[in-house]
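See below for the structure under consideration.
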Amino acid sequence: MKLLILPLIVYGLCVATGLNPLYTIAAVVCAAVPTAKTMYILAHGHKVEEPLVAATISITTLLSVVTLLAWLYALSSLSAQVQRAV
């Protein structure tokens, strides 16, 4: 969900609002990154679901190698628009 659906929602919102292609690329890439490691620090500090958070971070980090490349490839057409505008 985090690596596929969230970036898709962000992309849809960027297109719907007519956001500049460069900002759209930045927003989608930011949405497509794996779960932050600081989530484990928060889970550990509050003693809540530490194993689940650790597993989530590990899995999203491993899967993000593939999904980030896919998102960058999908956004490459926007990159061409940015280069033409400059």
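The values are calculated or read from the model by the stated rules, or taken from the named source; none is laboratory data. Everything quoted here is computed from the prediction, not taken from an experiment. For neighbour counting, all protein chains shown are included, and Cβ atoms are generated from backbone atoms with ideal geometry for every residue, glycine included. SASA here: full protein model, heavy atoms, side chains in, ligands and nucleic acids out. Shrake-Rupley method; radii C 1.70, N 1.55, O 1.52, S 1.80 Å.
Each of (i) 29, 20, 10; (ii) 36, 12, 8; (iii) 31, 13, 10 is a candidate for semi-axes √(5λ) of the Cα gyration tensor in Å; the one calculated from this structure is (iii). Figure legend: label point modelled 7 angstrom from the Cα of Leu72 along Cα→Cβ; residues of region 1-39 with amide N under 16 Å from it are 25-34. For the chain, the mean residue ellipticity at 222 nm estimated from helices alone is -25500 deg cm²/dmol, where every DSSP H run of n ≥ 4 contributes -39500 (n - 2.57) and the total is divided by all residues, rounded to the nearest 500.
What percentage of the solvent-accessible surface of the chain, computed with a 1.4 Å probe over protein heavy atoms, is contributed by carbon and sulfur atoms? C and S atoms contribute 75 percent here.
Over the chain, accessible surface divided per residue gives 69 Å², non-protein components excluded, 1.4 Å probe.
Expressed as an acute angle from 0 to 90° and rounded to the nearest 10, what is the orientation of the C-alpha long axis of helix 76-85 relative to the principal long axis of the chain? Relative to the chain, helix 76-85 is tipped by roughly 50 degrees.
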